[in-house]
Every structure is written in C-alpha cells, then in structure tokens.
Amino acid sequence: MSEGRTTEDVRTLFCEQIALDEDATFIGDPHIAFTLARDSDNYARDAQYSLIDAQDFAQSISIGKGTVLYSEDNLAFENRAVRLTVVKVNSSQSGKISIGEGCVMQGTAIVSYNEVEIGDKVLFGPKVTIMDSSGHPVTGRWSDDEAARTRVAKVTIKDNAWIGMGATILKGVTIGENAVVGANSVVYQDVPDNCIAMGNPATIVKQLDAVS
C-alpha cells in the first residue's frame, strides 16, 4: 500500500476481500497482498500474462473489533509494516487469515496458503512471522508441479497468547490459550495452554498457573 493509507482507505480498497470491524485500526501503512502461485511449463510467459481474479480472494481476511495493526517504526524496538499475504495455489481455494478481537500486531507478517486463525486478545511483539506453508518443496525446485507439492497446514493461535519479538511460527502449529512464545523463537510444534516456549526449535520451559 502507498504512503498515507488510513483505516478507511483499507476498508474502501479491499471491501470485498477484507471483513474489517468498524473498531479495528491500522496505524501506519500495512502491506496487503493477494497472490496467485500457479504451476506452469513456461513461467516467464504465464507471469507476464496471468491475471488475478479479485473474487477468488473474497472475504479471505477478517479483522475483529478493537484490533490494532501497528506499522510505524517509532517503538522502543525496531518495527516494520504489518504484512498480510493471502495465496491461492493453482485452482485451489485461497488461503484465509482471521484475526480476533482486541489483538495488537506490531510489524507482524502473515503468509497464508491454507488458514491462519488468531483468537482474541493475542499480543505480538515487533516483527513476528507466521507461515502456514513451507513456501516451496524441499526437493524438486523449479519443477512444473512445485506449487502443488508445497506443503500447507493450518496455524492456530488461541486467546490471550503472547508472541515475543522476532518469533517465527511455522505450518501446522497450534499455540494454546495464555501461552507465551519467547523472543526470536522458531516454533515447529504445538505449545499447550498456559505454557512458555522458547528457543530454536522452541521447547516448553515452564508451565503457568491456569488463568481462571
């Protein structure tokens, strides 16, 4: 998005693609992208002529009441623009990103081929990355079926979780309610409710008292 976009600009520009609650707020300029990943026997040709159908991404992003997406770099720690990217692979359904109520995102980058579901009151430190896919196959790069072979699995972050600065959450992971992910952790496996996980790969280091 170009400089100077407001929450109302986002609401107007992407009214068909984003279900944006009237009390959700963008601070600064987010980067919002809708992308087609298509297998081809002639990538240069198809990249030049392929068009994206906006209807393929209808209501693919939802943002709940009171959620703030902060894209300015004037925090105590270095920040970046919030980035929300939805990908459609070949003829499959596009990915989905749902963000609940009362969340705070600071430079959070989300890429969804399948589904990323974020609950209510989830807090993100600056520059967190969430991916529900591998991005590409481990082997056989540049083959005609590369996009189709890319593995995807839903990411779920439950209510009241706290994701530390610079953390990376990978495909298929569920972060439990009230869970904490330490700064710069790389999360490959689920984090249960009321637990603290940290490291690369992230491991459980503490069980918290359940919140009543």
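The values are calculated or read from the model by the stated rules, or taken from the named source; none is laboratory data. The shown structure was predicted, so the numbers you read here are calculated from the model rather than taken from an experiment. Glycine also receives a Cβ, built like all others from the backbone with ideal geometry; neighbour counts cover every protein chain displayed. Surface areas here come from the heavy atoms of the whole protein model, side chains and all, with no ligands, DNA or RNA. Shrake-Rupley method; radii C 1.70, N 1.55, O 1.52, S 1.80 Å.
Yes/no matrix, rows are residues, columns are (1) modelled with pLDDT of 80 or more; (2) over 16 Å from the mean Cα position of the chain (by Cα); (3) crowded, with 16+ Cβ neighbours inside 10 Å:
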residue	(1), (2), (3)
Phe14	yes, yes, yes
Gln17	yes, no, yes
Asp23	yes, yes, no
Leu36	yes, yes, yes
Asn42	no, yes, no
Tyr49	no, yes, no
Ile52	no, yes, no
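Restricting to the stretch 61-88, count the residues that are small (Gly, Ala, Ser), over 11 Å from Gln106 (Cα atoms) and open to solvent by less than 30 Å² (accessible area, probe 1.4 Å). Step through it out loud before you land on a result.
Of all residues in the stretch 61-88, those small (Gly, Ala, Ser) come to 62, 64, 66, 71, 76, 81.
Still in the running and over 11 Å from Gln106 (Cα atoms): 62, 64, 66, 76.
Restricting the remaining residues to those that are open to solvent by less than 30 Å² (accessible area, probe 1.4 Å) gives 64.
The number of residues fulfilling the criteria is 1.
Of the listed requirements (1) closer than 21 Å to Leu20 by Cβ; (2) surrounded by fewer than 18 Cβ atoms within 10 Å (Cβ to Cβ), Ser143 misses just one: (1). The set of residues in the stretch 166-200 being under 15 Å from the mean Cα position of the chain (by Cα), of a type outside the set (D, E, K, R) and in a loop (DSSP other than H, G, I, E, B) consists of Gly166, Ala167, Leu170, Gly172, Val173. Of the numbered criteria (1) under 24 Å from Asp73 (Cα atoms); (2) open to solvent by less than 60 Å² (accessible area, probe 1.4 Å), the one Lys127 fails is (2).
Considering the conditions (1) within 25 Å of Ala167 (Cβ to Cβ); (2) modelled with pLDDT under 85; (3) crowded, with 18+ Cβ neighbours inside 10 Å, Met1 is excluded by exactly one of them, (3). Is it the case that some residue within the stretch 69-79 is within 15 Å of Asp29 (Cα to Cα) and either in a strand (DSSP E or B) or among the aromatic types (Phe, Trp, Tyr) (or both)? Taking every residue of the stretch 69-79 in turn, at least one turns out to be within 15 Å of Asp29 (Cα to Cα) and either in a strand (DSSP E or B) or among the aromatic types (Phe, Trp, Tyr) (or both).
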